[in-house]
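Please treat every number below as a calculation from the coordinates, not as lab data. What you see is a predicted model; the values in this text were computed from it and never measured. Here the Cβ positions follow ideal geometry from the backbone for every residue, glycine too, while neighbour counts run over all protein chains shown.
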């Protein structure tokens, strides 16, 4: 799209309609450019790409159909909506065959013209996002944004190679932040449907009624506020992939309707009487224990079987710690344009030892934060802040020290010294970070180290 401004070129040989339309669209927040003829409109699109073109069908000289054809040659991604005073089936068919996005009949109300314009913006944004994703996949490895060479990730890569070209439904499970949508995108863009839409929706982000309308669409007048017919995401994803994120949170009543769509491969818009055939691959994802959800009656077992044709589990980051350095480097390159910025060994080791309950998403946030805190090109261990984490899984450091103390009959002094040295190791040698972990003043830590080193040098025994 052209930028933050949402631009529309309005074309009509009637000056009063031009002014009225400009006023209506201007109040709706669009930046409007007017043209009094087809040739005038073409001159205005010579060096500029508008987000949407709204043109009259019947004009002297170059009519709307001819203008549509020329705009599609020059700007093939620009949606063109035709206005006509002759609201006949023939006009609609002629416009759609010529490649129009939609048409409205004059005189029109604000809702009647704004609804197709908004749909045009939504479609263009979706197309541009899909192009961006395809470029990203093409630039990267054969697995797009997926990063890692651990055995667990290599198994996922092998699975993607096997399933990318078939149409079977997939259920991706894994903790929040593990990259379930990234895996879904990679499956789509490395498969036979890569040139078709990838349409994601989060099933927890909206109430049941709105979610049903988003998925299946609705006809005009189906409910209060349904001023125009709207395509559902199943239709938008035609030929491609529909990604149902957090499917475990889908309302139980809506699950039965989704099951019917999967079985019949057709959708019926809310308020509609006719079904529409759809060819869509479904990739669903959840962080929930689906067997538990089924036992508790929160998820239909028959729908689970329909979705779980090909199961893929994404391991948490703590199960593939060997991937953390390369992931951290990838996030560093993503968030920094300076090729000279680098992670110190201590910083990398500190991240490798962390538990990462938020998984890759938390790691990315950590890298972005470290870039903001770093004072030079080197990101040190003290720049890497991991909230509520000592650098090891919760409780493991304390348990290790307690076991060591009991097994070896350590004194309190010996136990304290072991605790300090463990904290320094976790902090990658950074005394400031070790002091923060231990909850002590940095000078106190220095004095304790000096005393410990001095006792080690003269061989004297530490006593409680």
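Before moving on, here are some points about what is shown:
- Spin-label model, residue 266 to residue 127: label points 7 Å out along the Cα-to-beta-carbon direction sit 2.9 nm apart.
- Residue 443/residue 373 FRET efficiency (R0 25 Å; Cβ-Cβ; nearest 0.05): 0.65
- At 0.692 mPa s and 37 °C, Stokes diffusion of the chain via Kirkwood alpha-carbon radius, µm² per second: 123
- One compactness figure for region 215-257 is 1.35, namely its Cα radius of gyration divided by 2.2 N^0.38 Å.
- Principal-axis analysis of the Cα atoms of the chain puts helix 252-264 at an angle of about 60° to the longest axis.
- The simple spin-label model puts a point 7 Å past each Cα toward its Cβ; for residue 192 and residue 152 those points are separated by 3.2 nm.
- Percent antiparallel among DSSP beta bridges (both partners in region 177-291, rounded to 5): 30
- What the Kirkwood sum gives for region 179-323 is a hydrodynamic radius of 16.2 Å, with every pair of different alpha carbons counted.
- Relative contact order of region 262-358, pairs being alpha-carbon contacts under 8 Å that are 6 or more residues apart, as %: 19
- Applying 1/(1 + (r/R0)^6) with r as the Cβ-Cβ distance of residue 72 and residue 337 and R0 = 56 angstrom yields a FRET efficiency of 0.95.
- In nm, spacing of pseudo-spin labels at residue 19 and residue 58 (7 Å Cα→C-beta vector): 2.3
- Taken over region 7-126, the percentage of Cα pairs per 5 Å bin, counting from 0 up to the bin with the maximum distance, is 2, 12, 25, 28, 22, 10, 1.
- Pairwise Cα inverse-distance average, inverted: Kirkwood Rh of region 318-383 (Å): 11.7
- Contact order normalised by residue count of region 7-126, Cα under 8 Å, 6+ apart, percent: 22
- Helix axis angle, 324-335 relative to the chain longest principal axis, alpha carbon, degrees: 50
- Region 209-245 residues near the modelled residue 279 label - backbone nitrogen below 19 Å, point 7 Å along Cα→Cβ: 232-243
- Sequence-separation-based contact order of the chain, relative, with Cα cut under 8 Å and 6+ spacing, percent: 10
- Computed per residue of the chain from DSSP H runs no shorter than four, each worth -39500 (n - 2.57), the mean residue ellipticity at 222 nm is -14500 deg cm²/dmol.
- Helix axis angle, 396-408 relative to the chain longest principal axis, alpha carbon, degrees: 20
- Net length gained if the chain between residue 159 and residue 253 were fully extended (0.36 nm per residue, minus Cα distance): 30.6 nm
- Region 298-342 - Kirkwood radius from inverse mean 1/r over Cα pairs (Å): 14.0
- Put the Cα centre of region 253-295 next to the Cα centre of region 39-88 and the gap is 38 Å.
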